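See structure below.
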Amino acid sequence: MKAGLYIKRDFIIMSFKIITLALASSVFLTACQTRPVSVYDAPTASQSRVFQYQKTAPSTLVVIRDSGMLGSGCYASIFINGQIVAKLNPNEKASFQLDEGDWIIGASLDGLGLCGLNPPRIERETRTKAGETKVLRVSTGSSGFMDILPTTL
C-alpha cells in the first residue's frame with residue numbers, strides 16, 4: 001500500500017515540475033519579444049538624438065521602436081541610406097522629412113557592453129511619395145535579431 005502512495009506522490013511532484021517549467025518558459029519567451037507601439041502613443045525622441053532629415057520635404061517617414069525588455073538597455077540606431085539619423089529608446093519615435101523616392105532604412109542595437117554583441121544592422125527598402133506619411137516599426141524578436149516592418153497602428 002505504501003509503495004502505491006509513493007508512486008502517486010512522485011507522479012504529482014513530477015507533474016507539478018513539468019507545469020511549472022512550461023509556465024516559466026512561456027513567460028520568458030513572451031517577455032523577450034518586443035511589442036508594437038501606436039504612432040499616437042509613442043513619444044518623440046529627444047532632438048539631441050535625431051540627427052538628420054529634419055528640414056521640410058515632400059514626404060514624411062516615421063520610425064517607431066517597439067516596447068519591451070529585449071534590448072531595452074541599448075539604443076536602436078536608425079539609418080537612412082547608410083547614414084545614422086537617430087538613436088531611439090524603446091517606445092520612442094522619430095520623424096524624417098524625405099524627398100520622393102527609394103530609401104534604404106536600417107536599424108541596429110548600439111551601445112557598450114552586451115549592446116555591442118548584438119547582430120549586425122538589418123536593412124529594408126522603402127519608397128516614399130509626395131504628400132505621404134509612411135510609418136515603420138523597429139522590432140526585436142526572441143532571437144535578438146531586429147526587423148523593420150510597415151505598420152498601421
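Values quoted throughout were computed directly from the atomic coordinates according to the rules given, and no laboratory measurement underlies them. Predicted, not measured: the structure shown is a model, and the values here were computed from it. Heads up, the Cβs are rebuilt from the backbone with ideal geometry, glycines too, and the neighbour counts pull from every protein chain shown.
In this structure, the amide hydrogen of Lys134, modeled 1.01 Å from its nitrogen in the peptide plane, lies closer than 5 angstrom to those of Thr60, Leu61, Val62, counting only residues at least 5 positions away or on a different chain. Taken one residue at a time, the phi angles of segment 52-60 give Karplus couplings (6.51, -1.76, 1.60, θ = phi - 60°) of 9, 6, 9, 8, 3, 8, x, 9, 10 Hz. Gly and Pro are set to x.
Using θ = phi - 60° in the Karplus curve 6.51 cos²θ - 1.76 cosθ + 1.60, the 3J(HN,Hα) couplings for segment 133-141 round to 10, 10, 10, 10, 10, 9, 10, 10, x Hz; x is entered for Gly and Pro. The amide H of Val85, built 1.01 Å from its N in the peptide plane, has Ile78, Phe79, Ile80 as neighbours under 5 Å, considering only residues 5 or more places off or on other chains. Taking a sphere under 15 Å around the Cβ of Asn89 and counting the other residues whose Cβ falls inside, with K and R at +1 and D and E at -1, yields a net charge of +2. For segment 79-94, backbone phi angles converted through the Karplus equation (6.51, -1.76, 1.60; θ = phi - 60°) give residue-by-residue couplings of 10, 10, 6, x, 9, 5, 10, 6, 10, 10, 7, x, 6, 9, 10, 9 Hz, Gly and Pro being listed as x. In this structure, the amide hydrogen of Ser67, modeled 1.01 Å from its nitrogen in the peptide plane, lies closer than 5 angstrom to those of Arg35, Val37, Asn91, counting only residues at least 5 positions away or on a different chain.
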